[in-house]
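One structure is given here, and the rest of the page talks about it.
The values are calculated or read from the model by the stated rules, or taken from the named source; none is laboratory data. Small disclaimer: the values here were computed from a predicted structure and weren't measured. Here the Cβ positions follow ideal geometry from the backbone for every residue, glycine too, while neighbour counts run over all protein chains shown. Note: areas computed on protein heavy atoms with side chains; ligands, DNA, RNA excluded. Shrake-Rupley method; radii C 1.70, N 1.55, O 1.52, S 1.80 Å.
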Amino acid sequence: MDPAVLLFFSAVFLLYSCEAKGSTVTSVIVQTGTDLLLDVKESVTLNEDNLFTWKYNGTINIVRVYGHNQPTIKKKGAKVFGNFSLLLKNVQQKDSGMYRAQISADQDRTVAEYEVTVQDPVSAVNLMVNCSSALNFTVTCSTVDSHISSTFRCDNKTCSRESSTTTDPSSIDVYLDQGFIFCNHSNHVSWEHKKEEIKSVCEPPPDSSAVTSVFVQTGTDLLLDVKEPVTLTEDNLFTWRHNGTINIVRVYGHNKPSIKKKGAEVFGNYSLLLKNVQQKDSGMYKAVIAAEEDKTVAEYEVTVQDPVSAVNLTVNCSSALNFTVTCSTVDSHISSTFRCDNKTCSRESSTTTDPPSIDVHLDQGFIICNHSNHMDYGKPVHEVPQVSSDFFAVTPVFVKKGDDLLLNVTEADVPKDFSMVAWKFRVDVLVTFAPDGKPKVYDDYIGRVETSVNKFSVKLKNLQEADSGVYTAQVTAKKQIPLAEYNVTVQGMSANMNTD
């Protein structure tokens, strides 16, 4: 995706259907105003002296059938179909309870039993974020009518509830996912959410002199940009320093840069490119001009993280509304157990304090086990950050199977006198653009790419694991010039998580 604070997560999705095992009672949760069919699956044959009944909460008769007579229906709007299945129309909260179908003969026999919960749809929500930094902030999630409100404290991994104004059965929860803060209001029949991008609410504007937090994956290249124009006089000294004392770059006046770190490069306005970063490269990076007064022109707090591993999810159900979830990495080095009800999950135990976070939350009928740090691959449609025109480097991109991916080229980077722009996957040509901007999609990629989003950019649709690899944009003018290159990795999990 396109956040400055990136996440890399691996998640497992499990249908939220914990029906009681070893019991004939079926839990059903339905929205107010809908119709509900309570099915009798066991074949029912009545003798003349048999009595069939549907009862509500053990005592209230809804349907009575004597022998071969027609059903007597006591509840307004109820109907009986086929094998004595019961249709309840326009159910309301007062219809919640136990429904039992029984045949009375020599011995009473229960042929169907349902525990019905009728819920209203939840209301929309508001989300307010108060940031002390991009890694430490509070979030207040409330319904639009303010009847329900909860406040959460968040770090760079998870959020924990600090206070709440209600015990309403509909759940308000806050969690972090793919560079966004989600305020989620849900019950078993409806879901409302609002989201804010961490980058947009918790990071300083581009012209701010504040420290910029950057998270990057081990082994990738990192550009530390100097946005403020730098002009050096003969007696000025420009430096890039790591952790305050280690000189990476020194530039005296009009001399060429002296670079002290292996693999580092300087581009354009003294921006610093660190190649193949490792965890030891984490720390503070500061660009300073030493003149009559020292002036800081760029400052970054860099965290280099390894990608997280895949996860396993096991669920132990005592009922559909009460269960425990264990979320662990495939190597079992990290494991956490959560207790869940029909609203939220709370951590009971954990085997590690490892920086990558394991978390569990409920969302739209799914239990989601989320293992993440700041190196995630983003939204269903990914907008890839632009590569600086001052240098050319491969941009790593991680995307979920089934998602779309937008590969960007800035129109301003294309020379006016070009003859062709071409996008290639490995050695195969996907799309070419003529000087008039008209695209030609090659046969193997018709229906798989879209060219109408941005000029000279392409959107890859419904990505599969076989689509992983290097995608390159080149322009042919007087010579071939690379415009962009992306190393795309398609993860094997299908994207079920909504991030809209």
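Which cross-chain or sequence-distant (5 or more) residues have an amide H under 5 Å from the amide H of Ile29, H modelled 1.01 Å from N in plane?
Amide H neighbours of Ile29: Thr117.
What does the net charge come to around Trp54 if you take all other residues with beta carbon closer than 13 Å to its beta carbon, with K and R at +1 and D and E at -1?
+3
Rounded to the nearest 0.05, what FRET efficiency do Glu411 and His254 have when you use their Cβ-Cβ distance and R0 = 35 Å?
So, using R0 = 35 Å, E works out to roughly 0.55.
Based on the mean of other Cβ atoms within 10 Å per residue, sort peptides 137-144, 289-296 so the most packed one is first.
Highest to lowest by the protection proxy: 137-144, 289-296.
Excluding same-chain residues fewer than 8 positions from Lys195, which lysines have a Cα within less than 18 Å of its Cα?
Those lysines meeting the cut-off are Lys157, Lys379.
Under a plain spin-label model, where a point goes 7 Å from the Cα along Cα-to-Cβ, how far apart in nm are Met284 and Ser104?
The two pseudo-label positions are separated by 8.2 nm.
Could you provide, to the nearest whole Å², the per residue accessible area of the range 280-328 with probe 1.4 Å? Please list the in-between numbers first.
On the way: 2340 Å² over 49 residues.
Accessible surface, normalised per residue, equals 48 Å².
Amide H of Ser457 versus every other amide H placed in the peptide plane: which residues, excluding those fewer than 5 positions away on the same chain, fall under 5 Å?
Val409
With each label point set 7 Å from Cα along the Cα-Cβ vector, what nm distance links Ile60 and Thr231?
Result for the modelled spin labels: 8.3 nm.
Quick one: 3J(HN,Hα) in Hz for the range 403-417, Karplus 6.51/-1.76/1.60 with θ = phi - 60°, rounded, Gly and Pro as x.
7, 9, 9, 9, 9, 9, 10, 7, 4, 5, 7, 8, x, 5, 9
Roughly speaking, what is the stretch gain from Lys261 to Ser123, that is 0.36 nm per residue apart minus the C-alpha to C-alpha distance, in nm to one decimal? The partial results should precede the final answer.
Working: separation 138, 0.36 × 138 = 49.68 nm, distance 5.55 nm.
Working it through step by step, the gained length comes to 44.1 nm.
Provide the descending list of Cα extents for the range 208-325 along its principal axes, expressed in whole angstroms.
Principal-axis extents of the range 208-325 (Cα, largest first): 76, 29, 24 Å.
Over the range 177-268, with the other protein chains present, what is the accessible area per residue in square angstrom, probe 1.4 angstrom?
Result: 50 Å² per residue.
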